[in-house]
């Protein structure tokens, strides 16, 4: 009898300056420290801040052949442009975590796709750290997928943040937990076409 090996393909997308590259790096580092096979591939427009950015992360139990993600199991989007670009690629039965602070419409997707709308910007502002919206989103994703823990991700923050930003370790850890708490309180909604 063969057991299916675990493989989760994720795209994280938004504007440059929203911490998209950092979020992907943190997810990859957390998975690597948990002993998983990982690939991480960031991409961003030449204009950086304000341009488009995305990270492709694959987490698996076995070696990964290619870092490219064309049909993600999960999509984390921080803005409407990223939703429009990537939402149609989500696999049936997949997960969409979207920043409802910047996306005010319900996307029309397959009924099997779970949608979690997170007011990430508002939750980050409540913590006194507007730039931590990306961590709120990652915490919500981690809670929904239950692959890795938010505590593990918080422990890896020091590995991926430049030392000059280590003063933000505490608030970023709080943002991860706030996102997880939000996801834990809100049941999923499916798309209705």
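So here's what we get for this one:
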quantity: Packing-based exposure ordering (other Cβ within 10 Å, fewest first) of 137, 56; calculated: 56, 137
quantity: Neighbour-count ranking [beta-carbon atoms within 10 angstrom, fewest first] of 127, 22; calculated: 127, 22
quantity: Max mean-square fluctuation residue, GNM over the chain, Cα-Cα springs under 10 Å, options 35, 14, 94; calculated: 35
quantity: Gap separating the Cα centres of the stretch 135-156 and the stretch 83-98, nearest whole Å; calculated: 19
quantity: Listed residues 27, 169, 75, most fluctuating in the chain (Gaussian network, C-alpha, under 10 Å); calculated: 169
quantity: P(r) histogram, all alpha-carbon pairs of the chain included - 5 Å bins from 0, percent; calculated: 1, 8, 17, 22, 22, 16, 8, 3, 1, 0, 0
quantity: Footprinting exposure proxy for 109, 142 (fewest neighbouring C-beta atoms within 10 Å first); calculated: 109, 142
quantity: CD proxy at 222 nm, helix term only [per DSSP H run n ≥ 4: -39500 (n - 2.57); per residue of the chain; nearest 500]; calculated: -11000 deg cm²/dmol
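Every read-out reported here was derived from the displayed coordinates using simple, explicitly stated rules and does not represent laboratory data. Keep in mind it's a predicted model, so treat the numbers as computed, not measured. Positions of Cβ are generated from backbone atoms using ideal geometry, with glycine treated the same way; all protein chains shown enter the neighbour counts.
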